[in-house]
Amino acid sequence: MPEDIDVGSFRLAIRDNVETPLSLTVDNILKDYERVEIAAVCLCAGSGRSYFQPRVLGPQWGNGAMGNARWAGVRLRDVLDGAGTKAGSVQVRFAGLDQAIFPEAPQFIASLDLDHARDGEVMIAFGMNDEEIPYLNGFPCV
């Protein structure tokens, strides 16, 4: 996990299979897109990790790495529209700032089908329960 995040230099990159790659600051995200809120469950990709075969590193959670919150952010669809998703795209891939603790562990990357990413419910969140997203939950945005 990063030990310090400089919000002024943070950039959210939207790149690869898009017409116009974007490098968004937190200020861009807050000012250039419509703010939305939704109450939703956030499920960690590591939930159920104790059942993985072969076994993977990290906390050996069963089914429980999840929580419900009121999230504030911008629609991923709006950001993707600004970048112009190229024809033939089928998924959106996400990678976080955190890195694996051990060199042999894979990088954490997740993906969503493009249709789901554009359904209007998926967001880039910068707020959780009327506050900034806590550092341990993905500050400055998830």
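The values are calculated or read from the model by the stated rules, or taken from the named source; none is laboratory data. Model, not experiment: these values are computed from the prediction. Note: ideal-geometry Cβ built from the backbone for every residue, glycine included; neighbour counts use all protein chains shown.
Within the range 15-56, being modelled with pLDDT of 90 or more, of a type in the set (Gly, Ala, Ser) and closer than 20 Å to Arg93 by Cβ holds for one residue alone: Ser23. Of the residues screened, Gly48 is not one that is small (Gly, Ala, Ser) and closer than 20 Å to Phe126 by Cα.
Can you tell me how many residues in the range 90-120 are at pLDDT below 95 and more than 25 Å from Glu132 (Cα to Cα)? Within the range 90-120, residues that are at pLDDT below 95 and more than 25 Å from Glu132 (Cα to Cα) number 7.
Can you find even one residue in the range 12-27 that is assigned to a loop (DSSP other than H, G, I, E, B), of a type outside the set (A, V, I, L, M) and in contact with an Asp or Glu (Cβ under 8 Å, 6 or more places away or on another chain)? Spell out how you get there, then give the answer.
The first filter runs over the range 12-27 and keeps only residues assigned to a loop (DSSP other than H, G, I, E, B), leaving 15-17, 19-21, 25.
The next check asks that each one be of a type outside the set (A, V, I, L, M); those that pass are 15-17, 19-21, 25.
If we keep only those that are in contact with an Asp or Glu (Cβ under 8 Å, 6 or more places away or on another chain) as well, we get none.
No, the conditions are met nowhere in the range 12-27.
For residues that are buried (at least 17 other Cβ atoms within 10 Å of the Cβ) and of a type outside the set (Val, Ile, Thr), scanning just the range 118-137, find the one that is farthest from Leu43 (Cα to Cα). Applying the filter and picking the extreme gives Arg118. Scanning the range 41-50 for residues that are outside any loop (DSSP other than H, G, I, E, B) and loosely packed, with under 14 Cβ neighbours inside 10 Å returns Val41, Leu43.
If you scan the range 19-40, which residues turn out to be in contact with a helix residue (DSSP H, G or I) (Cβ under 6 Å, 6 or more places away or on another chain) and either among the acidic types (Asp, Glu) or crowded, with 16+ Cβ neighbours inside 10 Å (or both)?
Leu22, Tyr33, listed by residue number.
Residues in the range 118-137 include at least one that is in contact with a strand residue (DSSP E or B) (Cβ under 7 Å, 6 or more places away or on another chain), part of a strand (DSSP E or B), touching a residue at least 60 places away in the same chain (Cβ under 8 Å) and aromatic (Phe, Trp, Tyr). Of everything in the range 91-117, what is surrounded by 11 or more Cβ atoms within 10 Å (Cβ to Cβ), assigned to a helix (DSSP H, G or I) and without any contact (Cβ under 8 Å) to a residue 40 or more places away in the chain? Give them in sequence order. If the condition is that a residue be surrounded by 11 or more Cβ atoms within 10 Å (Cβ to Cβ), assigned to a helix (DSSP H, G or I) and without any contact (Cβ under 8 Å) to a residue 40 or more places away in the chain, then Leu114, His116 are the ones that fit. Identify, from the list Gly82, Gly88, the residue that is outside any strand (DSSP E or B) and touching a Ser or Thr at 6+ places or on another chain (Cβ under 9 Å). Of Gly82, Gly88, the one residue that is outside any strand (DSSP E or B) and touching a Ser or Thr at 6+ places or on another chain (Cβ under 9 Å) is Gly82. A single entry from Gly73, Gly58, Gly8, Gly62 fulfils the requirement of being within 18 Å of Ile133 (Cα to Cα), in a loop (DSSP other than H, G, I, E, B) and of a type in the set (Gly, Ala, Ser): Gly8.
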